[in-house]
Amino acid sequence: MSVLPILKDLHVRITSKCNLNCPHCYAADWFKEEEQLDFSCISDAIKQAIELGCQKVTFTGGEPLVAKSIAESIKFCFANNLRVEVETNGILINVLVDELKSDIRKVEFGISYDGENMRGNKVAEIVRKNIEKLWQLGCDIKIQTVITTINAHEIDHIFSFSQKLNIRNRVFLAHSPNGNGKTLPLRKINEWLKTVNDIKSRYPHIIVELPDLFSGGGQKKCGWGVHRCEMMSNGDITSCAPITFNHRDFVAGNIKKSSLQKIWASEHFEKIRNLSQKDFRGLCSKCMFWQTCLGACRSISYSTGGDLLSPHPFCSALLDGIKNKTIDVQLVQHVKDTIENWIKHLDDPNFEYNSEKYENIVKSQHKIL
Ligand SMILES: C[S@@+](CC[C@H](N)C(=O)[O-])C[C@H]1O[C@@H](n2cnc3c(N)ncnc32)[C@H](O)[C@@H]1O
Ligand code: SF4
Ligand code: SF4
């Protein structure tokens with residue numbers, strides 16, 4: 001058996017409940033299950049994760065700040081010298097400020113802010129005020145934004161807010177069409193290429209999550225299955241919660257029935273670690289960027305292509321648009337040479353797959369061993 005990689009990063013989906021019901025939310029079908037992890041289960045899982053090398057715990061959901069055990073769980077992490085991230089819709093921040101006192105500054109916040117229309121203007125106002133409050137307290141904040149047909153016209157409003165406070169902003173150019181997002185129309189490729197161009201030229205502080213073909217590489221990879229895993233609110237352990245929200249059998253085991261070490265060594269994770277380029281399908285299997293990109297976010301590919309190894313829909317849409325001449329060439333002018341090279345490689349009958357395993361590449365990119 002191969003040596004187990006470090007489980008550096010544990011995501012705890014502490015509750016399946018939420019105090020909102022956003023129009024793009026991929027977790028919405030899961031809310032009905034109404035499950036919450038209690039403190040004893042969380043602390044036990046964290047102790048086991050520490051044995052596997054854990055350095056950081058991210059609390060998310062659902063909405064983590066509606067969970068009863070959130071403050072106690074964060075305090076437990078700090079007592080064990082772990083970094084803590086909280087991914088939240090930002091409404092109930094005061095609960096944590098009151099409970100954690102000066103330790104609030106140790107929390108790394110990922111706060112969703114998608115403008116006035118996605119979650120309603122009342123919510124938007126509360127969230128802006130809460131972000132400003134945390135900012136004044138000196139907290140580490142990252143704003144997360146998903147661009148959809150509802151808020152695409154608001155990008156100046158959203159990004160000038162994060163720019164004014166000098167806060168990092170992480171942007172997803174499309175929602176995955178799951179949960180509530182199933183009924184929200186996806187934007188067309190020309191529209192999001194225009195958004196990429198606008199962002200790159202006007203808001204340099206923004207990190208846009210994109211396959212390497214568009215970004216030119218250098219983005220931190222999510223490390224699914226190699227150095228991170230997620231615990232769902234019923235104790236299920238998975239490599240990727242956004243897939244598991246909608247495919248409840250996409251799990252490796254359950255922490256209430258098995259040890260985290262056994263689950264981390266299970267076939268679910270073993271298979272991911274052993275993937276190489278030839279296991280992927282379509283464009284990703286013949287892409288010259290695979291070794292740095294690794295197929296980008298697999299939950300997006302899963303929701304549009306039907307399985308884990310489907311080609312990435314952004315790249316497929318780009319290739320279709322170029323071949324059918326429906327792409328506005330001005331929008332890809334700055335990466336014209338890269339794209340021409342990419343297509344040449346895709347069409348090359350002698351193209352050789354990269355045979356190196358996913359696990360080795362992720363480890364070298366993250367320098368975790
Ligand atoms: C599922 S929420 C959980 C944490 C918290 N409730 C919040 O809204 O930040 C985590 C992130 O997923 C994003 N998200 C929700 N649905 C999505 C979708 N269909 N595609 C991409 N991201 C989505 C949210 O906007 C949020 O930034
Ligand atoms: S995106 Fe977050 S806040 Fe909105 S419904 Fe989903 S879990 Fe709740
Ligand atoms: S085709 Fe696949 S590997 Fe290539 S850039 Fe797109 S997502 Fe990445």
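Segment Gln55..Lys101, full-extension length gain: 14.3 nm, with 0.36 nm per residue of separation and the alpha-carbon distance subtracted. Dividing the summed -39500 (n - 2.57) terms of all DSSP H runs of n ≥ 4 by the residue count of the chain sets its mean residue ellipticity at 222 nm at -10500 deg cm²/dmol. Altogether, the Stokes-Einstein calculation at 10 °C and 1.306 mPa s, with the Kirkwood radius of segment 216-369 over Cα pairs as Rh, returns a diffusion coefficient of 94 µm²/s.
For Glu340 and Phe39, the difference between the fully extended length at 0.36 nm per residue and the C-alpha to C-alpha distance is 103.0 nm.
3J(HN,Hα) along segment 12-25: 10, 7, 5, 8, 8, 8, 8, 8, 10, 8, 5, x, 9, 5 Hz, from the Karplus curve 6.51 cos²θ - 1.76 cosθ + 1.60 with θ = phi - 60°, whole Hz, x for Gly and Pro. Considering every alpha-carbon pair of segment 137-211, the percent of pairs per 10 Å bin, from zero through the bin containing the longest distance, is 18, 51, 25, 6, 0.
The phi-based Karplus calculation (6.51 cos²θ - 1.76 cosθ + 1.60; θ = phi - 60°) puts the 3J(HN,Hα) values of segment 86-103 at 10, 9, 9, 7, x, 7, 9, 4, 4, 4, 6, 4, 5, 6, 8, 6, 5, 5 Hz, whole numbers, x for Gly and Pro.
Taking each residue as 0.36 nm, the span from His153 to Ile207 lengthens on full extension beyond its C-alpha to C-alpha distance by 17.6 nm. Listed by chain and number, the aspartates and glutamates placed with their C-alpha closer than 14 angstrom to that of Lys257 are Asp44, Asp236; residues fewer than eight positions away on the same chain are left out.
Residues in segment 325-332 carry Karplus couplings, in order, of 6, 9, 8, 6, 4, 4, 6, 10 Hz; the curve used is 6.51 cos²θ - 1.76 cosθ + 1.60 with θ = phi - 60°, and Gly or Pro positions show x. Placing one identical point scatterer on every Cα of the chain and ignoring solvent, what is log10 I(q)/I(0) from the Debye formula at q = 0.06, 0.11, 0.13, 0.14 Å⁻¹? Cα-only, vacuum Debye calculation for the chain: -0.22, -0.79, -1.12, -1.31. Comparing Val335, Val196, Val226 in a Gaussian network model of the chain (Cα springs below 10 Å), the most mobile by mean-square fluctuation is Val335. List the pairs from Lys75/Lys106; Lys194/Lys221; Lys56/Lys221; Lys182/Lys278 whose alpha-carbon separation is above 21 Å, in the order I gave them. Listed pairs above 21 Å: Lys194/Lys221; Lys182/Lys278. Asn360 label point, 7 Å along Cα→Cβ, cut-off 17 Å on backbone N: hits in segment 280-298? Counting backbone N atoms under 17 Å from the label point, the list is 280, 290-294. Taking Val171, Val95, Val123 in turn, the Gaussian network model of the chain (Cα-Cα springs below 10 Å) assigns the largest fluctuation to Val95. Here the Kirkwood formula puts the hydrodynamic radius of segment 58-166 at 14.4 Å, using every distinct Cα pair.
Tell me, how many Å apart are the Cα centres for segment 37-103 and for segment 146-223? Cα centroid to Cα centroid, the span is 28 Å. Put simply, the amide H of Ala174, placed in the peptide plane, has neighbours under 5 Å in Ile147, leaving out anything fewer than 5 places away on its chain.
Just Gln333, Gln291, Gln36 to compare: in a GNM of the chain, with alpha carbon springs under 10 Å, which one fluctuates most? Ranking Gln333, Gln291, Gln36 by mean-square fluctuation puts Gln333 first.
Computed from point charges on the beta carbon alone (+1 for Lys and Arg, -1 for Asp and Glu), the dipole magnitude for the chain about its Cα centre is near 400 Debye.
None of the figures in this text is laboratory data; all of them are computed from the coordinates on show. Being a predicted model, the structure only gives us computed values, none of them experimental. No Cβ is skipped: glycine too gets one built from the backbone with ideal geometry, and neighbour counts run over all protein chains shown.
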